[in-house]
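These notes concern the structure reproduced below.
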Amino acid sequence: MRVAFKEWEIVVDALGRGDQILLLRKGGIHEGRGGFRPEHQRFLLFPTRYHQQRECVVASAQARFDEMLQQRPVSAEMVRVEFGAELAEARRLETLSQAKALHGQHIWRDEVIERRFDWGKDPAIHVLVSVDSCRGTPDDHGLRRLPILDKTGARYRHERRQNGIG
C-alpha cells in the first residue's frame, strides 16, 4: 500500500489504541473547488508532529501527548508508520450540532471542533469513520517506515522493513 493519510501523531495514536474511531477534516486551499473528499478507502496513517498542539486535545489525550513527546522519532529522516485504516463511511456535516454529536468518539476539544467547523467561507466539516484501524496496514500487518522526503523534497519513497532490520 502506497497511500497515506497525514494526521497529528496524537490522533494516529488514538486511532491505533481504539480511543478514537473517526477523523474530522475541514479541508483547505489544496482541496480545490470540489472540497475535501477521501480518494481511497484504505490507507496508512502517517503521523506528524507538524502543527500538533497539546491544548487542542482533551485532558486524557494531553497526558498521552506528553508521554509521546518524550519518545524520540526513529530518525530525523524517517517516520514510523504503524497503523492503517479502512473507511466505513465519509460524509460532510452541515451543522455544528451534527459535529458536536460526535463528542466522545474523538480526542479533540469541543472548542477546536467549533473553530474548524466555522473556519473559512463554508461552515461544515467532514467526518471519516474508520471501520478498521490496525497495526500495520489492512493488507499487510508488517511495520512500515517511510522516509519523510527524498533529497529533492519532491516525493515520498516507500520502503519495507525486511528481516527485522529497518
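The values are calculated or read from the model by the stated rules, or taken from the named source; none is laboratory data. Treat the numbers as computed from the prediction; the structure is a model and nothing was measured. Neighbour counts run over all protein chains shown; Cβ positions are idealised from the backbone, glycine included.
Six or more apart or on different chains, Cβ under 9 Å: which pairs go from a residue in the stretch 49-71 that's of a type in the set (K, R) to one that's part of a loop (DSSP other than H, G, I, E, B)? Could you list them? Taking only residues 6 or more apart or on different chains, the pairs are R49/P73; R64/D19; R64/I107.
Is it the case that L45 is in contact with a Leu (Cβ under 8 Å, 6 or more places away or on another chain) and aliphatic (A, V, I, L, M)? So L45 passes the test. On the stretch given as the stretch 64-112, residues that are among the hydrophobic types (A, V, I, L, M, F, W, C), at pLDDT 85 or above, surrounded by 12 or more Cβ atoms within 10 Å (Cβ to Cβ) and not in a strand (DSSP E or B) total 8. Selection within the stretch 49-63: residues that are closer than 20 Å to A4 by Cβ and in contact with a helix residue (DSSP H, G or I) (Cβ under 8 Å, 6 or more places away or on another chain). The member of this set that is surrounded by the most Cβ atoms within 10 Å (Cβ to Cβ) is Q52.
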